[in-house]
Amino acid sequence: QKKGSRHILTQTQEEIEEIFLGMGYEIVDGYEVETDHYNFERMNLPKDHPARDMQDTFYITNEVLLRTHTSPMQARTMDAHDFSKGGLRMIAPGRVYRRDTDDATHSHQFHQIEGLVVDKNITMADLKGTLDLV
């Protein structure tokens, strides 16, 4: 008798990760508790942007919050990457948090996967090729 199985979201994330690993991407795990600096400032969201409002974001302190997207890992990964050794291909999967009213199509916690490619001679054709494979 089967006692349980892997959650469908876990299975889906793992399938997506395998596809991108096969294309040479790095899988980057990030912090769910993030700083305002990486979550907003490094994403060029000004201090008066509505996404920073208390009604939209779960703040722990004035400078610490539950991340609202996985984008902070783009900045953290670019900070650490040695571009003199080549380009960067990454995806950042994970849970994100927003002060939404839960209903059939919204939740205060959901999963996001985003990607980033930084390299010489990258074109929209590269993006199209990636999307066709996924």
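Only helices enter the 222 nm calculation for the chain: every DSSP H run of n ≥ 4 contributes -39,500 (n - 2.57), and dividing by all residues gives -8000 deg cm²/dmol, rounded to 500.
With Cβ to Cβ distances under 9 Å as the rule, what net charge do the other residues near Phe20 carry (K, R +1; D, E -1)?
Values: positive: Arg89; negative: Glu17, Glu18, Glu26.
Taking every Cβ under 9 Å from that of Phe20, the sum is -2.
Taking N as the residue count of region 1-74, its C-alpha radius of gyration divided by 2.2 N^0.38 Å amounts to 1.46. Each eigenvalue of the Cα gyration tensor of the chain, multiplied by 5 and square-rooted, gives one semi-axis; in descending order these are 26, 23, 13 Å. Taken as entire DSSP H runs, the helices of the chain that both span 20 Å or more between Cα atoms along their own long axis and average 0.0 or more on the Kyte-Doolittle scale are 8-22.
Positive contributions from Lys and Arg (+1) and negative ones from Asp and Glu (-1), summed over other residues with Cβ under 15 Å from the Cβ of Pro72, come out at -2. Take every pair of alpha-carbon atoms less than 8 Å apart whose residues are at least six positions apart; their mean separation over the length of the chain yields a relative contact order of 24 percent.
No lab work stands behind these numbers, since they all come straight from the coordinates. Keep in mind that what you see is a predicted model, and the values were worked out from it rather than measured. Here Cβ is always computed from backbone atoms with ideal geometry, including for glycine, and neighbour counts include all displayed protein chains.
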